[in-house]
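Scroll down for the structure; my scribbles are underneath it.
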Amino acid sequence: MSDAAADQIHMRRAIDLALARMGETWPNPAVGCVIVKDGVVLSEAATAPGGRPHAEEQAVPAAGAGVAGATAYVTLEPCGARSSGRASCAQFLAEAGIARVVVAALDPSPFASGRGTERLRQAGLQVETGLMKDEAGVLSEGFLHRLETGRPMVRISADGTGFDARFAASPRADLVTELKRLGEAGYTRLWTGPGELADALTEQGLLTS
């Protein structure tokens, strides 16, 4: 198997791990991490319910003593700083002795925004970005929407699988205010079924296709 094919397989696994956690990790996005050395998967993890701990924080200890020199496949750029002041995921990976980090999508949030990959490179790690970034994009789209607008994104869904919660406001309510309130509470992706509320959201440009 070529190195490129192996990278695709491991990133696909990281994405699948994160997809399985969607709707459980808000206010943080769901992130997957797979750690591989010499073709052997040492560990894998996804963001825990409630957004903590991060995927990298779980995967590195689980990889054991042989983690030095391994490759980490991560669906979203590791944070370069933490709001809590604790060690960032970039620092965590570097201090563990990870040699290479393959990142699907960059994170424009204030705690990453290129700082994560820069910290990794400054620490001497090989960093590659953009592998399967389109497939990984769905994992953080609600998080980024809230970052940009202050509101969670809303989509029509039959059963709400993978969403944080159902949006159940009155169609005649101030929907922008309702969504901003939910954004402040940390929600990133909401769903609603077809009907009056979906129509009102569409009319106001608040429904994501």
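The values are calculated or read from the model by the stated rules, or taken from the named source; none is laboratory data. In this text the structure is predicted, and so the values were computed from the model without any measurement. Using ideal geometry, Cβ is built from the backbone for each residue, glycine included, and neighbour counts are taken over all protein chains shown. When the accessible area is computed, the model is the full protein with side chains, heavy atoms only, and any ligands, DNA or RNA have been set aside. Shrake-Rupley method; radii C 1.70, N 1.55, O 1.52, S 1.80 Å.
Give me the residue from region 151-209 that is part of a strand (DSSP E or B) and of a type in the set (A, V, I, L, M) and, out of that set, most open to solvent (accessible area, probe 1.4 Å).
ILE156
Open to solvent by 40 Å² or more (accessible area, probe 1.4 Å) and either small (Gly, Ala, Ser) or under 14 Å from LEU131 (Cα atoms) (or both): which single residue out of ASP3, ASP7, ASP16, ASP38 fits that description?
The unique qualifying residue is ASP3.
Looking only at region 64-107, count every residue that is part of a helix (DSSP H, G or I) and surrounded by fewer than 24 Cβ atoms within 10 Å (Cβ to Cβ) and tell me the total.
Number satisfying all stated conditions: 8.
Scan THR75, THR25 and give me the residue that is at pLDDT 95 or above and either out of contact with any Cys (no Cβ under 8 Å at 6 or more places or on another chain) or closer than 13 Å to ARG100 by Cβ (or both).
Only one candidate qualifies: THR25.
If the Cβ limit is 7 Å and pairs must be 6+ apart or interchain, which residue in region 160-180 that is within 10 Å of LEU197 (Cβ to Cβ) pairs with which residue that is open to solvent by less than 80 Å² (accessible area, probe 1.4 Å) and in a helix (DSSP H, G or I)?
ALA169/LEU175; ALA169/GLU178; ALA169/LEU197; PRO171/LEU197; PRO171/ALA200; LEU175/ALA200; LEU175/LEU201
Could you list, in sequence order, the residues of region 7-53 that are outside any loop (DSSP other than H, G, I, E, B), touching a Leu at 6+ places or on another chain (Cβ under 9 Å) and of a type in the set (Val, Ile, Thr)?
Passing the criteria: ILE15, VAL34, ILE35, VAL36.
Among the candidates LEU147, LEU131, LEU120, which residue alone is open to solvent by less than 20 Å² (accessible area, probe 1.4 Å) and outside any strand (DSSP E or B)?
LEU120
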